[in-house]
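Some notes on the structure that comes next.
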Amino acid sequence: MAMIGIGEGECWQSGRNEQRCCDGRELVHLTISWLVAHSVYGHKEPNLNGLHPPVCTGMSQDAGSVTFGDKTITDALCRFSIEELMSDAPHILVVDDHKEIRESVKRFLEKNGMRAGTARDAHDAEAKLAIGNYDLMVLDVMMPGESGLSLCQRLSAERALPIIMLTALGDDTDRIVGLEIGADDYLAKPFNPRELLARIKAVLRRSERKEKLAGGFAGKRLRFAHLVLDSDSRVLADESGNETRLTSADFKLLIVLLERARVVLSREQLLDLTAGRSAGPLDRTIDNQISRLRRKIEPDILQPKIIATVRNGGYCLSADVEVLG
């Protein structure tokens, strides 16, 4: 395991024999970027922020130093290992039946400091998920065999895995259905890889704030109306003991309503609180999600009383919430 040490005020030689001096913090960042690229691409030289990777002529595991050209960096400010660095990187599973797309996306994500795996269809994706630990899935809607929408719906009910759907350009139906059944975001093909990267980072930030989403309810059991919600397992149980597992989208929406019981929330507020985005003029995402959630919690779907519709206002959870512990 190669360890590196970085000292303050050091200089290094670039691949173009240009000398650059920087403080310890910047040099740490540059060296980490080079190590990531080197560990992924071998001896290829991807361009990093307009700079070629430093020419590394030696590494000392014992001394904790790195030699770039004829310059050895010592007096360690901090130390890293390639294995530790890569293990902390987000792990993304790219599922697409077009080999060129999934491989190019994989290379792009790895070039930008993420780990990435690929799958050609739903069956292959489930096999990869069974043996790997992934932080997010990029999933194509149109695939041979089981569709991406079907796979998304099953995965959302089984696990808390963020999913970004890839849809055909202008296909609003797939986009809306995907968001309704649990997808966290979508991107239309053809897409700019930089936009995909930005969306991945945004979804990962939201998933890292999952405990904040549950707020004081994280790890609690909550009673409201005739139901009890286990916020850890995302399972609803009624008075007869019948259980319903919530999708990620249903859980997010219900938690937002429970935290703000008896408060009227507009569609725009609900969409911002659950998905972190604003609503378009014809956006029916929240209405559809409310309808789906009502089917799981209302005794009479035709006369909903737990989630009330407020005319010209939005929606309101019309029940008191008791924390059971």
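So, in the range 183-202, of the ones that are surrounded by fewer than 20 Cβ atoms within 10 Å (Cβ to Cβ) and charged (D, E, K, R), which residue ends up modelled with the lowest pLDDT? For the range 183-202, the residue satisfying everything is Lys189.
Scanning the range 158-182 for residues that are surrounded by fewer than 18 Cβ atoms within 10 Å (Cβ to Cβ), more than 17 Å from the chain's Cα centre (by Cα) and among the acidic types (Asp, Glu), we see that the one that is nearest to Leu254 (Cα to Cα) is Asp172. Yes or no: the range 275-296 includes at least one residue that is part of a loop (DSSP other than H, G, I, E, B) and at pLDDT 90 or above. No, the conditions are met nowhere in the range 275-296. Within the range 144-157, not a single residue is touching a residue at least 24 places away in the same chain (Cβ under 8 Å), out of contact with any helix residue (DSSP H, G or I) (no Cβ under 6 Å at 6 or more places or on another chain), buried (at least 18 other Cβ atoms within 10 Å of the Cβ) and farther than 29 Å from Val235 by Cβ.
The values are calculated or read from the model by the stated rules, or taken from the named source; none is laboratory data. Computed from a predicted model, the values in this text were never measured in an experiment. Don't worry about glycine lacking a Cβ; one is built from the backbone with ideal geometry, like all the others, and counts go over all protein chains shown.
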